Each structure stands twice: as C-alpha cells, then as structure tokens.
Amino acid sequence: MKPSRRQFLTGVASIALLSQIKQQAIANAIKDTGLKDLYGEDFLIGGMIQSDAFMRPKADYTQLISREFNAIATNNAFKWQYIHPTEEHWNWLFTDRFVGFGENQNLKLLGHLLLWHAQLPMGLFSYRPHKPVTEEKLLAKMETHIATAVDRYQGRMYSWDVVNEAIDENKGWRKTNWFKYLGEEYVGRAFNVAHEADSNAMLVYNDYNMSLPGKRNFMLDVLDDFKRKRIPIDVIGMQGHFGLDYPDLNELEKSIEAYAAKGMRIHFSELDVDVLPNIKPGTFPKYSLALDPYRNGLPKDMEEKLTQRYRDLFTLFLKHRDKIDVVAFWGVGDGNSWKNEFPLAGRKNYPLVFDRNLNKKPAYHAIAELKSHKAH
Ligand code: GLA
C-alpha cells in the first residue's frame with residue numbers, strides 16, 4: 001500500500017532526524033576522541049601536569065587531560081626536596097592529591113621520580129653542619145626514602161623513575177654526590193629497594209641524550225652488569241627534550257633497538273620540541289631578541305617544521321610500538337612549558353602540541369592523522 005503524503009513526509013522527517021542524530025553522535029565521538037584513543041593499541045599517551053591541575057582542578061582542563069591522555073606525571077611533587085624536606089618530615093599533600101586525581105580520572109600514574117642529583121633538601125649530605133655524612137648513613141637515608149615513597153603508593157603506580165640522569169655523556173657515571181659518597185653501587189641498590197616495596201610497578205632508568213652513541217654504549221654495559229647482578233630494571237626512559245634537528249632519528253632508532261634487545265621496555269618521557277635558537281649547554285648568554293625571535297607568534301615555515309618533526313617522531317614511535325609502552329609529553333600547552341624559561345628565561349617557545357589557549361596545533365593534527373582512520 002502506498003503511504004499517504006502525510007505518512008511519507010513524517011517518514012522523510014524521521015530519516016532526516018535519525019541521520020542528524022547519527023551525525024551528531026559521530027561528531028561527539030570525534031570530539032571526545034583524544035590521542036589516547038587514537039594510539040590506544042600502540043602505547044600510552046602521557047602528559048605531565050603541574051600541581052595546580054590536581055590541587056585546584058578546573059573542569060575544562062581536567063576534561064582535556066582525560067580526553068587526551070591515559071597516563072600522567074607531575075614535574076615536582078615527588079622530588080625529594082618537596083616530599084621529604086627533612087629526615088623526619090614527609091609532605092604527602094601534593095602526591096596524595098596527584099594519585100587521587102589520576103585514579104579518579106582513570107589515568108595511569110607515572111611516578112617521577114625517586115632519586116636524582118638535583119632538587120634535594122639542604123643537609124642531605126651532612127649529618128651535622130660541615131660534617132660530611134658517612135656512607136652507611138647516606139645509604140640508609142636513600143633506602144628509607146625510596147622504600148617509604150614506593151610503599152605509600154604500593155600497587156597504585158604504573159611506573160617509577162627510580163634513578164634520573166645518573167650518566168654523563170661519554171664519561172660514564174655522573175660524578176654526583178650520590179656517586180661520590182656511595183660509588184656506582186647506589187644505582188642498583190635503588191632499583192632493588194623500589195622492587196622490594198612494589199614488585200608490580202615498572203621500574204625506569206630515565207635520562208636525556210639517550211641516543212648519543214657514547215651514552216648508549218655505557219648504558220648497554222650497565223644493563224649487562226645489572227643482568228649479572230639480577231637488578232630489577234624494566235624500562236629505559238628516554239627523555240624527549242628534543243629540537244627540530246636533534247637528535248638524529250637514526251641514532252634514536254638505534255637506541256630504541258639496542259635497549260629493547262637487552263630486554264628493556266621503552267618510555268619516551270618528557271617529550272617537547274624546542275624551536276628557538278640553540279644555546280650551547282654551559283653558556284649563559286644574556287637575553288636578546290635574536291635569541292627570542294618568535295615573540296609575536298611562530299611563522300608558518302617554522303610551524304611546518306615543528307609539525308613535520310612531530311610527524312617524524314611519531315612515525316618512528318609507531319614503527320617501534322612493540323617496544324614502546326609510553327610516550328609522554330612534558331606539559332600540556334605551550335604557555336606552561338619549562339622551555340619558555342630554560343636554558344634562558346623569558347623567551348616564547350612552542351614545544352608542545354597544544355597552544356597557549358590549549359587549542360590543538362597543526363602538530364597535534366599531524367600525529368592524530370597518522371592514526372586517523374580510527375577517528376572516522
Ligand atoms: C629534567 C628532570 C625533570 C624536570 C626537567 C625540567 O628533565 O627530569 O624533572 O626538572 O628537567 O622541567
């Protein structure tokens with residue numbers, strides 16, 4: 001039977017309505033789809049958030065974090081200076097909030113960090129003013145520090161950066177106070193203590209310039225030594241403080257493969273791409289506009305270079321997705337990046353994939369497009 005004109009029009013209207021609803025649903029799904037979904041089968045997408053994000057959460061920002069990331073780190077809260085300012089005093093306020101925030105948002109927690117040579121409390125290496133600490137006492141302090149922090153969050157952290165930046169380029173172990181007082185054995189001991197306190201967390205050695213051949217070769221020897229000594233290390237964290245033309249991607253790839261061949265999982269931690277003129281490490285030039293050329297915005301050609309760099313990096317990460325568990329940006333939007341202050345304060349840098357208003361940059365779209373079949 002032929003439908004009446006009225007039935008026909010109602011039918012047309014409901015089909016139109018249905019397709020509108022469907023389109024809206026697709027639009028919403030795309031809107032709610034973040035990098036974490038696009039890369040869901042490849043590796044976790046992490047973001048470093050600063051303490052205001054979890055101490056005074058704002059709905060919009062929280063939403064962005066949980067849309068884009070499935071793992072978070074925070075830059076300072078766990079550092080010894082803050083969490084354990086004197087031998088008897090612990091400050092868990094920030095770290096408890098960080099952990100609670102991550103759990104509420106269903107995010108994996110990247111524990112950054114347990115042992116480093118910087119951001120330590122005064123007096124750690126002396127037991128009375130001007131009296132250097134003894135080896136025995138320092139080792140006990142180190143073990144208590146690691147055991148207490150790991151134990152407090154036992155079973156809740158996805159990973160811990162157990163030791164950060166203990167290796168010097170081409171020179172072997174960095175001659176920190178830890179090394180000076182305890183010798184190289186402290187590194188392995190730190191991993192053992194962390195493992196005793198939480199045998200499930202992934203234990204990471206985290207450092208920068210991990211693609212330099214000298215550093216790589218030393219690291220590989222260390223891994224052989226750790227294997228002989230049965231030291232429980234799971235992951236090499238390759239800090240991604242990169243630039244437009246460093247590191248060389250072939251060297252980066254060699255490091256991924258070499259560490260993985262020693263049985264290590266790989267994290268790309270602390271990812272950001274510096275677009276400003278290079279400042280040689282150890283030199284301290286005065287601020288000048290020549291060193292801060294993009295105060296009024298990033299010119300198109302530079303934006304394209306940044307986008308291409310991110311595309312190349314993520315293409316490499318995807319190629320090695322079987323070895324990589326985490327890729328974590330060191331920040332969310334450009335405005336809060338440490339790269340505006342380091343190595344020279346007061347510059348305007350553009351190292352991340354969200355701009356100063358937290359809008360997606362072309363670099364974001366480029367890395368999303370590498371996986372975009374999933375968004376449609
Ligand atoms: C190093 C440390 C981080 C942080 C950055 C600067 O990479 O590992 O904790 O201090 O420097 O933001």
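The values are calculated or read from the model by the stated rules, or taken from the named source; none is laboratory data. Note that the structure is a prediction, hence the values are computed from the model and not measured. Positions of Cβ are backbone-derived with ideal geometry, glycine not excepted, and every protein chain shown enters the neighbour counts. SASA here: full protein model, heavy atoms, side chains in, ligands and nucleic acids out. Shrake-Rupley method; radii C 1.70, N 1.55, O 1.52, S 1.80 Å.
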Near pairs, Cβ below 8 angstrom, 6+ apart or cross-chain, from segment 273-297 (within 20 Å of SER337 (Cα to Cα)) to any residue that is outside any loop (DSSP other than H, G, I, E, B) and open to solvent by 30 Å² or more (accessible area, probe 1.4 Å): ASP274/HIS241; VAL275/LYS305; LEU276/LEU291; PRO277/ALA290; PRO277/LEU291; ILE279/LEU291; ARG295/LEU289
Residue in segment 182-189 that is on the phi > 0 side of the Ramachandran plot and at pLDDT 95 or above present: yes
Hits in segment 273-290 - residues which are touching a strand residue (DSSP E or B) at 6+ places or on another chain (Cβ under 6 Å) and not aliphatic (A, V, I, L, M): ASP274
Top-ranked residue in segment 115-139 [being open to solvent by less than 80 Å² (accessible area, probe 1.4 Å) and part of a strand (DSSP E or B); ranked as farthest from the ligand (Cβ to nearest atom)]: PRO132
Identity of the residue in segment 349-375, touching a residue at least 60 places away in the same chain (Cβ under 8 Å) and farther than 18 Å from GLN308 by Cα, that ends up surrounded by the fewest Cβ atoms within 10 Å (Cβ to Cβ): LYS374
In segment 219-240, the residues that are open to solvent by 30 Å² or more (accessible area, probe 1.4 Å) and over 24 Å from the mean Cα position of the chain (by Cα): ASP221, ASP224, ASP225, LYS227, ARG228, LYS229, ARG230
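Only residues that are open to solvent by 10 Å² or more (accessible area, probe 1.4 Å) and either touching a strand residue (DSSP E or B) at 6+ places or on another chain (Cβ under 8 Å) or more than 18 Å from PHE98 (Cα to Cα) (or both): list them for segment 142-156, please.
The answer is GLU143, THR144, ALA147, ARG156.
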Positions within segment 70-114 being of a type in the set (D, E, K, R), assigned to a loop (DSSP other than H, G, I, E, B) and open to solvent by 40 Å² or more (accessible area, probe 1.4 Å), in sequence order: GLU87, GLU88
Residue list for segment 201-247, restricted to those being among the charged types (D, E, K, R) and farther than 16 Å from TRP160 by Cβ: LYS215, ARG216, ASP221, ASP224, ASP225, LYS227, ARG228, LYS229, ARG230, ASP245
Filter result (within 16 Å of the ligand (Cβ to nearest atom) and either under 20 Å from LEU93 (Cα atoms) or over 13 Å from the mean Cα position of the chain (by Cα) (or both)) within segment 162-171: VAL162, VAL163, GLU165, ALA166, ILE167, ASP168, GLU169
